[in-house]
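The numbers here are math on the coordinates, done by the rules we state, and not lab data. Since the structure is predicted, the reported quantities are computational estimates derived from the model, not experimental observations. FYI the Cβ positions are ideal-geometry reconstructions off the backbone, even for glycines, and counts take in every protein chain you see.
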Amino acid sequence: MGQGSGDEAGRGGGLRQMTLAGLRDLFPGYFALVMATGIISLACGLLGLPVLARALFLLNVVNYAVVAALMVARLIRYPRPMLADLTDHARGPGFFTSIAGSCVLGTQFVVIGHDSPVAWALWGVGVVLWFAVIYAFFAAVTLREVKPGLETGINGAWLIATVGSQSITILSILLLPTAGAYKTALVTFALIMYLMGCMMYLTIIPLILYRFTFFRLTPAELTPPYWINMGAVAITTLAGATLILNAGRSPLLTAILPFLKGLTLYFWATATWWIPLLLLLGVWRHLYRRFPLRYSPQYWGMVFPLGMYTACTTRLSQAVDLPLLAPVTPYLLAIALLAWGLTFAGLIHELVRGFSRACLPESPASRG
């Protein structure tokens, strides 16, 4: 009986240690799970799959609640490691996913849940996080005395600054019908955020392309967030298409409509250009260099761009009257759904394996 009690105590202690260690080292960009699930849900809705869209929406509410709770718990229990991550060149941009995750879920509440009050609350969270996280990160990496080289200091996650800005643009426009007297101010704010997102992409992407072409790139360094190279311009395309489709609500948008159409088509072409190159780099990483393909939370940074490219292509075909793009979108959605399913299965497998290691009793051989 004493042995059994000892085993139970050991299992309980192992689970607690695993939980605390996981909380201390929590990946800063885990809101990418919310981003990826949200955009796949929205793409399903756009392409006539309302049941799947709503199921993923409900799942994403749970995703957001769990990730948010973990982030708050980490901030309370491990503030120093969290602050160190926020001010780190490589890990800090992961916090930008909290902005995009909040606004993508808010967009789901408007489009699928038809719940504007909750969407407004998430919009407010996204805006506050945009100012807090983006300025904290860029101030910290600018003012720190010891800085890494470009080859280790920058990665595709930096472009989530663009993603966060454009997610605010999209949600702002979708909230216009409930903005009342603040409609003009909200349109102006949405347009400013859109242009800021464009500025951030055009500023950061030359550094990433320079890092790609003039520094040695190992398989371990070619991480999935580099797919944000494409995802950032895909969401910029979606934001532009959303502005175009709602231009009739604002004289300001109507006045600059030709500019918006040209810029939106430009960004979609840029997103399309990235896809073959990223696929080739993936083949080189996993097939030629045989880098192991196993679950990492960073893979959500690859799923999101695939879903976003589906959604932005669908909306672009409507915004600039390009019906020839519409027939390819179901195939794009199938690819995005497959990527989401495989990554989610990997997440569940990792959670089950970690729980089993912490809770199952040791074998006699391992006890010696």
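Tabulated values for the structure
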{"read-out": "Euclidean distance between Cα centres, region 204-253 to region 41-115, Å", "value": "19 Å"}
{"read-out": "Normalised alpha carbon radius of gyration of region 27-361 [divisor 2.2 N^0.38 Å]", "value": "0.96"}
{"read-out": "Whole-Hz ³J(HN,Hα) from phi, Karplus 6.51 cos²θ - 1.76 cosθ + 1.60, for region 129-142, glycine and proline x", "value": "5, 4, 5, 6, 6, 5, 6, 5, 5, 5, 5, 5, 6, 6"}
{"read-out": "Structure-based [θ]222 nm, the chain - -39500 (n - 2.57) summed over DSSP H runs of at least 4, per residue, nearest 500", "value": "-24500 deg cm²/dmol"}
{"read-out": "Per-residue HN-Hα couplings for region 326-332 [Karplus 6.51, -1.76, 1.60; θ = phi - 60°; Hz; x = Gly/Pro]", "value": "4, x, 7, 5, x, 5, 4"}
{"read-out": "Förster radius 51 Å - calculated FRET efficiency between Val146 and Ala55, Cβ distance, rounded to 0.05", "value": "0.60"}
